[in-house]
Amino acid sequence: MPYAVYDRDAFVTRTGLGPDMKVLNIGPDHITASQVAKSVETAVAAAVPDVGQARGIRSTSNKVAPVVTNYNHQPFKGNCFDIIFSYHAVNYIQPGEVPGLLKEVNRILKENGRFASMVWSLKPTNKAQSSHLMLLGILEKLGMLHLHQFDEISRWLEGSGFEEITMELVSRNIPVPDKWVRTHLKWLERGTDNYSGNKVTVSPDFDKAIEDYKIHVKKHGEELLPSIQFTARRSAVLSGIDIL
């Protein structure tokens, strides 16, 4: 979503970057990866699950180095990144796979390295944000994304060995342009075509949810939901001490 570029800028700024840091961006969001690359001297690694996504990222910046990989098996040695970013990428990973990803993130972070992730809040503050929640709910039914609860993510982070886990509610009142609303409607049309009879059985209730979204967004517009930024630190390893 290029109209959320300032949201990505703020996300990166809140986390903090030094020019000599080694950084990984998780997910196919080339905009965040490119913005991070402007703040560091070395190339930014980008972990993506698809060859096509890797080609797309490679074409946008010569400072972003995409790597095609399963999120649960990162092809990097341990203790090699200062910061790992995930701008809504977790929202596109199935719940059963998120803990494995976070354990890998913990493994490849340096001691005291930081993991920063943005996920959608599920609490709209106005009618336009309710339109966005309706859209995300439909996409979740199609299996195209996953609306994880914030307490689930906190529990997964703790279980993966992270410390100093903080949560910050971020609300920037970003309107979705009309042309992107039309794009969203096309996503729904393609989604029902692709998933009908597979992950989703298109039913009158499902069709009604899409129609309700169309009516609601026409009346109230659409605005991005607030997000929750999770920032967690990999604990320092105590050497020379045996824990029995």
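The sole residue among Glu168, Glu152, Glu164, Glu111 that is of a type in the set (D, E, K, R) and farther than 15 Å from Gln229 by Cα is Glu111. All conditions but one from (1) touching a helix residue (DSSP H, G or I) at 6+ places or on another chain (Cβ under 8 Å); (2) on the phi > 0 side of the Ramachandran plot; (3) of a type outside the set (Ser, Thr, Tyr) apply to Ile84; the one that does not is (2). When we screen Gly159, Gly113, Gly137 for residues that are touching a Pro at 6+ places or on another chain (Cβ under 7 Å) and not polar (S, T, N, Q), the only hit is Gly159.
Of the residues in region 226-241, at least one is surrounded by 11 or more Cβ atoms within 10 Å (Cβ to Cβ), among the charged types (D, E, K, R) and at pLDDT 90 or above.
Where residues in region 121-174 are of a type in the set (D, E, K, R) and part of a helix (DSSP H, G or I), which of them is surrounded by the fewest Cβ atoms within 10 Å (Cβ to Cβ)?
Selected residue: Asp151.
The values are calculated or read from the model by the stated rules, or taken from the named source; none is laboratory data. In this text the structure is predicted, and so the values were computed from the model without any measurement. Every residue, glycine among them, receives a Cβ derived from its backbone with ideal geometry; neighbour counts consider all protein chains shown.
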